[in-house]
Structure formats: C-alpha cells, structure tokens
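The values are calculated or read from the model by the stated rules, or taken from the named source; none is laboratory data. Quick caveat, the model's predicted, so the values are computed rather than measured. Counting neighbours? That spans all protein chains shown, and the Cβs are built from the backbone with ideal geometry, glycine included. The protein model used for the area step is the full one, side chains on, heavy atoms only, and it has no ligands, DNA or RNA in it. Shrake-Rupley method; radii C 1.70, N 1.55, O 1.52, S 1.80 Å.
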Amino acid sequence: MATLRVPAGTIVLPGDIVADLPPPDLRPVTSAGSGGPPTPRRPIVRVGPGLAAPLPTVAAGDGNGDGDGDGDGGGACPPRIVSNLAGTLMAAPPPRQRLRLATRTRRYSPATGDVVIGTILDRNIDGYRVSIGASEAARLPGLAFAGATKRNKPTLLPGALLFGRVAAASRATEAELTCVEVGENVSWLSGEATYGELVGGNVVRVGLDAARRLMAGGGGGGDGAAGGRKRAGAAAGGPGVLAALGEVMSFEVVVGLNGRVWIKADQTPYTVLICNAIARVADMEVAAGVAAVRKLMAQVVRA
C-alpha cells in the first residue's frame, strides 16, 4: 500500500513526491498446491493521469536504500510516485487505492482502460485513425467491434463520432482503441453494444477533471468510472449536473474521460441547450453547478 507524503486535497507541483511505494517483493510466487505456503497478494496501487512511478534510481552517496544521500555508500532510492503536472492530489481509499491529479487541463494523455469519445480522421487497410484529443491520433483496428468479422464489420467515414475504450497506451507508440466490451454478448449490428458509432447529437468539450465529475454519479463527486451510453430523465437519480438536467428533459449522454461529452435529445434545440448548460457549469463545484442548472431550466420552463 502506498504511503502518502502529502494528504489528499493538497496542491502539488511537477516533480513533487506524493507517495512512497512498498519495497519490491522478491520472493518466488507459490500457490496453495505447490507444497509451500502461498505467496500473499500484494496490494495494487493504481496511478491516474498526472502521476508516474519512475523506476528506482541510484542515489549517489547512499548505501542504505533510504535515498537520503547521507554519504554512507551507493544505493537505490525506494520506489515513489511523482507528480508530472500541477494539480490537486485525489486519493481513493483502500483496498483499491487509486491516486490521480485533478487539473483543469484539456490535453488528454491516453491511459489503458479509459473510455473516450473520438472523431474518425481517416481509414486504411488495417482500420482507422481516431482523434481523441491527445498529442497524436489513436489507432482503431477494423475488427475491434463486437461481433465484427472480415465480411461483416462497420464502415465509418471521416468525421464520424466514436465511443470506445483505450486498449493499450504507451509513450513510445500510438494508443490503440477497441469497441469490444468484455463479457458483452451483443453484436455491433444490434445497436445495443456499449461502444461504437455515435449517430446524431452534439459534442461539448470540458476539462478532464470536469469529465470525471460528470461521469461519477451523474456529476457527483468521486473518481469517475467507466460507463456506457445512459439515458437521463425524470427517473434518473444522483446529485449531479446531468441528473438535474434530466429532471426537466430526457436525453442520451456519453461521457469520455478525454474531456468530450456527447448529448442527444429528442429535439435539436434541446440538445444545444443541454450542451451550453454543461459547458457553462462544467468547472463549477457540484452544488454550485446543480443550482445554476436548475435556475437555467426554471427560466426555460417559464419561457
């Protein structure tokens, strides 16, 4: 389990050490049936955007492994989690400890497992190139759709909107997307698959942290979790901005962790109204954003 150097909610700067990781477990992995005691599972610390866990480096003049440079020999610094950006440290409680930085940046850095909304740039023999708001386009294989085959696969044109998940991300190569949900037994032809093309509607861009707030409980607080297309309406619960909008009108919403929100209402004017409302309150705190949305919706109803 990571030991925080600073409490959650603290503003950190690039290069700050925010947490210490436990030393590596060098014992051989054994199971219960191998004749020896099973190796206990080490807790997993998930590091989100803005943080990194660099490889341990040799600290000159330090031989006890504490990394304090006290001149007692050469040794290795213990593994640590370091900030790459300026932002507020957010920490999910154990046992599933997750650390990330809350920032207002709109430049997205792909991370494996993130759900994103992208725009098709072009098509090639292997698949598609998709813009997801990162420094370079992502790659989407042509068969990376639920139930797709060489003869039966979707054909997406440049400019089409796509909802997918980051299957692989690395600094050395372009990110790879997929539109296949593990454990889902529906075909892309049914229109009921979690991922795929987004037809109609409109996209509004918000900050990365605002997107996580919208995704977590319809705009409540929290870390944000992967989710698919949702229908917001009078029956939708939750304390957030999307739930407040759903009290007045029904609409479909998809939130991508790359700061893009897709909205589709029954009528185009309602779609534009909802997009403008989300863009207006995206950077507000949850309570202030809900109050602003309800005030705006009250004015619309009276009109």
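For residue 257, the residues whose amide H sits under 5 Å from its own are 115, 116, 117, ignoring neighbours fewer than 5 places away on the same chain, with H placed 1.01 Å from N. Computed from phi, the 3J(HN,Hα) profile of the range 151-167 under the Karplus parametrisation 6.51, -1.76, 1.60 (θ = phi - 60°) reads 9, 9, 9, x, 10, 9, 9, x, x, 5, 8, 9, 10, x, 10, 6, 7 Hz, with x in place of Gly and Pro.
Volume per residue for the range 119-184 equals 88 cubic angstrom (convex hull of Cα atoms). Convex hull volume per residue, computed on the Cα atoms of the range 250-303, equals 82 Å³. Accessible surface computed residue by residue for the range 139-213, with neighbouring protein chains in place and a 1.4 Å probe, gives 53 Å² per residue. If you take all other residues with their beta carbon under 11 Å from the beta carbon of residue 103, and give Lys and Arg +1 and Asp and Glu -1, the sum is +4. Each label point was placed 7 Å from the Cα along the Cα-to-Cβ direction; for residue 185 and residue 135 their separation is 4.4 nm. Net charge in the neighbourhood of residue 170 (other residues with Cβ under 13 Å of its Cβ; Lys, Arg +1, Asp, Glu -1) is -1. Amide H of residue 10: which non-local residues (sequence gap of 5 or more, or other chain) have their own amide H closer than 5 Å, using H built in the peptide plane? Answer set, sorted by chain and number: 89. Placing pseudo-labels 7 Å out from each Cα toward the beta carbon at residue 279 and residue 157 gives an inter-label distance of 2.5 nm. Please report the accessible area of residue 17 (heavy atoms, 1.4 Å probe, ligands and nucleic acids excluded) in Å², nearest 10. Rounded to the nearest 10, the figure is 50 Å².
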